[in-house]
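Worksheet: the structure to be examined is printed underneath.
The values are calculated or read from the model by the stated rules, or taken from the named source; none is laboratory data. Nothing here was measured: the structure is a model prediction, and the numbers come from that model. Don't worry about glycine lacking a Cβ; one is built from the backbone with ideal geometry, like all the others, and counts go over all protein chains shown.
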Ligand SMILES: [Fe+2]
Ligand SMILES: [Mg+2]
């Protein structure tokens, strides 16, 4: 099998409601979908969401990385006909074609979109689900809610809405001020017994972070994600040594090298995995495995604004990893005005979602929606 | 120097301002009835619609023909299956409001004394706009598609009780909004697409008849909430759920941005 043509869609899908954290406020998603064709009627899709404040990527760097590097890397490939004896081997093989571009700047979202599109096409051409590569160890995936950075009243209402939808677990975005009131409001909205974590998106320094954690621990907060900016590695180590709450790393955890350093330095308790941030399925899986081997807990995050494609990839990987403490994503049209999938991938009551069993990622993409929200469509031809 | 639709809009604004002023004075006391809370939310939604650039373009006569046609298609698709939705609401209605919902449903189906099925009025409107049989088929397909999507999506709510409440609130919001804007809409469609009164009969029904329906609808919501035992907080959560975005803009004014909103 080889790819005969490709299209890169740069998308801007409006949100049904805006989402805010300490680093950004979004009212629409900026995402990219790569569409591949194999010339025998199989069409596959992959998605990546560049987020400057996480990986330094923008839609522009993503476009360049795909047009100049990743597409040329896969355009001429002859992919093996017989696959799926060993799922891991297939993932490794596909991943091996997707080396990082020269120059040191990593493009995880671009790489992720490419990897997913290759796998989706390859699997569809054989009528197989991604679940045949990533064997699920559980039959459903249960998602948690996310509460955007708001005042206490608005946070209460978001929490109350989550409770209405049967969700008893949420991560609350916080900033340097007002977090105690926020947590009290969220607790009131979610109801007794709810599990609440916070995400600071690197808004604190070592001193203020410690003060925040000491204030939140008695309020029954379960974990604190990314208290410090990504680059404050030694401060994170110091903070972790004294912290009264488990620390999850998110922005600090992009590459396997980051993961190794975090383990070596004993800087955290939890890895927050995200497929687009970590550069695709296999790289995310490797980070997860390292985390588990090192006795860390795993959370599974999403990109705010991701479509059904990344949600589906997340569902497969989460079901494959199993026993994750906290899973986010699959918000579908709760967040996006319109999602790309025919039939929905969004979770239902209680945050529960079944496994996706269709070929490839298990998403039937609505091309009309893809075209409707494309701000740019780039045709790629084999070089 | 302003044409009738524009005057009508100013009236609506004045009315909205008064409502918000009054509700502001009351500032959500514990005792505030469900009806007032609900109507306040309807007002916020309507205000969002009236402020949106596309509505303003339509209402001022500045929009291109393509935008008017897209608007008509959206409106038809949004309301074509309302008999089915009303039947669902009738099925869940508590005894105290079942009779009103039944009457509303029969009227929508053309089974009352008037004998005019509202969906057929919508298709007449689509034809009069020159959308043709092809356009009518497209609208019907969309309306049915929306229904079947609704049936196949994973439910976000716990029981039919909540789902019914969400549907009742949404349907009522449209009746309420139409009772205040139908004449305006008919006005700008008449001028911009050169339609005759017969083509605009659907709006006549929803302007006149729905003043009564809209008032009844608020009672129905209160009835429903009381009969199924929704707490004040649950009502608030349900309203946040239904109105997590502007449902009027979503149903009426969402079309591909390529559509000509220019004159
Ligand atoms: Fe009607
Ligand atoms: Mg985070």
Item checked: Odd one out for residue A:218 among (1) out of contact with any strand residue (DSSP E or B) (no Cβ under 7 Å at 6 or more places or on another chain); (2) within 16 Å of residue A:249 (Cα to Cα) -> (2)
Next item on the list: Please name all residue pairs, on different chains or six or more residues apart, with Cβ atoms under 9 Å, provided the first residue is in region B:58-85 and is within 14 Å of chain A (Cβ to nearest Cβ) and the second residue is in a helix (DSSP H, G or I) and away from ligand 1 (no atom under 16 Å from the Cβ).
Entry: B:74/B:142
Notebook entry, point to check: Out of A:36, A:77, A:91, which single residue is in contact with a strand residue (DSSP E or B) (Cβ under 7 Å, 6 or more places away or on another chain), in contact (Cβ under 8 Å) with a residue 12 or more places away in the chain and not assigned by TED's automatic domain parsing to the domain that holds residue A:311?
Noted result: A:36
Item checked: Subset of region B:155-186 [more than 16 Å from the chain's Cα centre (by Cα) and buried (at least 21 other Cβ atoms within 10 Å of the Cβ)] -> B:156, B:162
Margin query: Suppose we filter region B:89-125 for residues that are away from ligand 1 (no atom under 15 Å from the Cβ) and in a helix (DSSP H, G or I); how many remain?
Written below: 7
Next item on the list: Scan (1) closer than 16 Å to residue B:126 by Cα; (2) assigned to a helix (DSSP H, G or I); (3) away from ligand 1 (no atom under 14 Å from the Cβ) for the single condition residue B:195 breaks and write down its number.
Entry: (2)
Check: So which residues in region A:2-46 are in a loop (DSSP other than H, G, I, E, B) and either under 17 Å from residue A:72 (Cα atoms) or away from ligand 2 (no atom under 16 Å from the Cβ) (or both), if there are any at all?
Finding: A:2, A:3, A:4, A:38, A:39, A:40, A:41, A:42
Check: Would a scan of region A:345-354 turn up a residue that is under 16 Å from the mean Cα position of the chain (by Cα), in a strand (DSSP E or B) and at pLDDT below 95?
Finding: no
Margin query: When you check residue A:210 against the structure, is it away from ligand 2 (no atom under 16 Å from the Cβ), closer than 28 Å to residue A:15 by Cα and assigned to a helix (DSSP H, G or I), yes or no?
Written below: no
Notebook entry, point to check: Which one is farthest from residue B:175 (Cα to Cα) among residues in region B:246-263 that are modelled with pLDDT under 90 and within 10 Å of chain A (Cβ to nearest Cβ)?
Noted result: B:258
Next item on the list: Output yes when any residue across region A:313-325 is buried (at least 24 other Cβ atoms within 10 Å of the Cβ) and at pLDDT below 95, and no when none is.
Entry: no
Item checked: Positions within region A:239-255 being surrounded by fewer than 16 Cβ atoms within 10 Å (Cβ to Cβ) and either within 16 Å of ligand 1 (Cβ to nearest atom) or part of a helix (DSSP H, G or I) (or both), in sequence order -> A:241, A:242
Next item on the list: Spot the failing condition for residue A:376; the list is (1) within 14 Å of chain B (Cβ to nearest Cβ); (2) in contact with a helix residue (DSSP H, G or I) (Cβ under 7 Å, 6 or more places away or on another chain), and only one is missed.
Entry: (2)
Next item on the list: Return the only residue of A:259, A:353 being more than 19 Å from residue A:48 (Cα to Cα) and within 14 Å of chain B (Cβ to nearest Cβ).
Entry: A:353
Checklist line | Total residues in region A:238-283, condition farther than 19 Å from residue A:325 by Cα and out of contact with any helix residue (DSSP H, G or I) (no Cβ under 9 Å at 6 or more places or on another chain) | finding: 4
Note to self: Tell me whether region A:47-65 contains one or more residues that are over 28 Å from residue A:15 (Cβ atoms) and out of contact with any strand residue (DSSP E or B) (no Cβ under 8 Å at 6 or more places or on another chain).
What the structure shows: no
Margin query: Can you go through A:287, A:275, A:270 and tell me which one is more than 24 Å from residue A:239 (Cα to Cα) and away from ligand 1 (no atom under 16 Å from the Cβ)?
Written below: A:275
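Kindly indicate the residue of region B:149-165 that is at the interface with chain A (Cβ under 10 Å from one of its Cβ atoms) and assigned to a helix (DSSP H, G or I) and also nearest to residue B:211 (Cα to Cα) among those meeting that condition.
Start the filter on region B:149-165 by keeping residues that are at the interface with chain A (Cβ under 10 Å from one of its Cβ atoms), which leaves B:149, B:152-159, B:162.
With the extra rule that they be assigned to a helix (DSSP H, G or I), the set shrinks to B:149, B:152, B:162.
Numbers: B:149: 31, B:152: 34, B:162: 26 Å.
Step by step, filter region B:149-165, then rank; the result is B:162.
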Checklist line | All helices (runs of 4 or more DSSP H) inside region A:100-203 with 2 or more residues being surrounded by fewer than 20 Cβ atoms within 10 Å (Cβ to Cβ) | finding: A:152-164, A:179-190
Checklist line | Criterion: assigned to a helix (DSSP H, G or I) and within 12 Å of chain A (Cβ to nearest Cβ) - qualifying residue of B:187, B:145 | finding: B:145
Margin query: Please determine whether any residue of region B:220-237 is more than 15 Å from ligand 1 (Cβ to nearest atom), closer than 30 Å to residue B:66 by Cα and not in a helix (DSSP H, G or I).
Written below: no
